[in-house]
Amino acid sequence: GAVVSQHPSWVICKSGTSVKIECRSLDFQATTMFWYRQFPKQSLMLMATSNEGSKATYEQGVEKDKFLINHASLTLSTLTVTSAHPEDSSFYICSASGLQELNTEAFFGQGTRLTVV
Amino acid sequence: GQQLNQSPQSMFIQEGEDVSMNCTSSSIFNTWLWYKQDPGEGPVLLIALYKAGELTSNGRLTAQFGITRKDSFLNISASIPSDVGIYFCAGQVNFGNEKLTFGTGTRLTIIP
């Protein structure tokens, strides 16, 4: 399957600081990228959908000013957690879907474990 | 957000046993996907289903897309230690770059 790389794999930051997570599609052009959050022993919850070159679409209850998403190219999307607080500690996972010619399945990054202290 | 109902929530089996889990929804999905997630990793796609009634195999794994388009099941035959992990179903309403709705997950543990 296609390769999606997420960086960093883990990060610890102080409360009040901002953290940027990168998601890259390494061998295909990702027209759409998705950002999920996963709390321990829970399922993946979609935070937002981003299409290259346009504003992200956020799911209900997700603060767009707190979770800034940028999808400036067909191979890179970034999620910035602004003014992070301990309750933002979670496992953040991105996925990417390619052009219509590819199958519909999304390919996932390896995830980023964020710990806010 | 919406989640698909997945059962069982957890399974404890012995190596060599067969496993069956299912996923149900109150609404229709036109694509069903099954993923496996290891601790600290992102989900990895196991099987993708695109047509109602479709039965697809991938090695020891077999999955079916329910005829009503509101359910799917995954079977694993002759389980081995590396099958341990969390299995998620996911549904997609339309073909293409559409968002996925995930199931609640089934945690598989193999007893020595």
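The values are calculated or read from the model by the stated rules, or taken from the named source; none is laboratory data. Everything numeric here is computed off the predicted structure, so don't read it as measured data. Using ideal geometry, Cβ is built from the backbone for each residue, glycine included, and neighbour counts are taken over all protein chains shown.
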request  = Could you list, in sequence order, all residues of the stretch B:83-103 that are surrounded by fewer than 22 Cβ atoms within 10 Å (Cβ to Cβ) and modelled with pLDDT of 95 or more?
outcome  = B:D83, B:V84, B:G85, B:I86
query = Looking at the stretch B:35-47, is at least one residue at pLDDT 95 or above, within 30 Å of A:E52 (Cα to Cα) and among the polar types (S, T, N, Q)?
reply = yes
request  = Sort out which residues of the stretch B:35-75 are closer than 17 Å to B:V93 by Cβ and within 12 Å of chain A (Cβ to nearest Cβ), and write them in order of number.
outcome  = B:A48, B:L49, B:Y50
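Would you check which residues across the stretch B:18-34 are of a type in the set (D, E, K, R) and within 10 Å of another protein chain (Cβ to nearest Cβ) and list them?
Correct list: empty.
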query = Which one of the conditions (1) in a strand (DSSP E or B); (2) in contact (Cβ under 8 Å) with a residue 60 or more places away in the chain does B:G16 fail to meet, given that it meets all the rest?
reply = (1)
request  = Take B:I47 and decide whether it is surrounded by fewer than 16 Cβ atoms within 10 Å (Cβ to Cβ) and among the hydrophobic types (A, V, I, L, M, F, W, C).
outcome  = no
query = Which one of the conditions (1) within 21 Å of B:P43 (Cβ to Cβ); (2) away from every other protein chain (no Cβ under 14 Å); (3) part of a loop (DSSP other than H, G, I, E, B); (4) not aromatic (F, W, Y) does A:T78 fail to meet, given that it meets all the rest?
reply = (3)
Residue count for the stretch A:7-50, restricted to those that are surrounded by fewer than 16 Cβ atoms within 10 Å (Cβ to Cβ) and either of a type in the set (S, T, Y) or at the interface with another protein chain (Cβ under 9 Å from one of its Cβ atoms) (or both) = 7
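Return the only residue of B:T68, B:T62, B:T56 being closer than 25 Å to A:V4 by Cβ and not charged (D, E, K, R). Steps first, answer last, please.
On the way: B:T68 fails: closer than 25 Å to A:V4 by Cβ; B:T62 fails: closer than 25 Å to A:V4 by Cβ.
None of the others qualify; the one that does is B:T56.
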ask   = In the stretch B:76-100, what count of residues is obtained for those that are more than 12 Å from the chain's Cα centre (by Cα), more than 8 Å from every other protein chain (Cβ to nearest Cβ) and within 19 Å of A:Y58 (Cα to Cα)?
value = 2
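For every residue, the table says whether it meets (1) within 15 Å of B:F102 (Cβ to Cβ); (2) at pLDDT 95 or above.
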{"residue": "A:Y36", "(1), (2)": "yes, yes"}
{"residue": "A:T49", "(1), (2)": "yes, no"}
{"residue": "A:E52", "(1), (2)": "no, no"}
{"residue": "A:L68", "(1), (2)": "no, yes"}
{"residue": "A:A96", "(1), (2)": "no, no"}
{"residue": "A:G111", "(1), (2)": "yes, yes"}
{"residue": "A:V117", "(1), (2)": "no, yes"}
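Looking at the stretch B:101-112 only, could you name the residues that are facing chain A (nearest Cβ under 7 Å) and not in a strand (DSSP E or B)? Write out each step before concluding.
As a first pass, look at the stretch B:101-112 and keep what is facing chain A (nearest Cβ under 7 Å): B:102-105.
Answer for the stretch B:101-112, where residues must be facing chain A (nearest Cβ under 7 Å) and not in a strand (DSSP E or B): B:T104, B:G105.
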message = Given the criteria closer than 24 Å to B:V44 by Cα, assigned to a strand (DSSP E or B) and at pLDDT below 95, does A:T104 qualify?
response = no
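Can you pull out the residues in the stretch B:40-64 that are in contact (Cβ under 8 Å) with a residue 12 or more places away in the chain and closer than 24 Å to A:M45 by Cβ? Full working, then the answer.
Within the stretch B:40-64, the subset in contact (Cβ under 8 Å) with a residue 12 or more places away in the chain is B:43, B:45-53, B:58, B:60-64.
Scanning the stretch B:40-64 gives B:P43, B:L45, B:L46, B:I47, B:A48, B:L49, B:A63.
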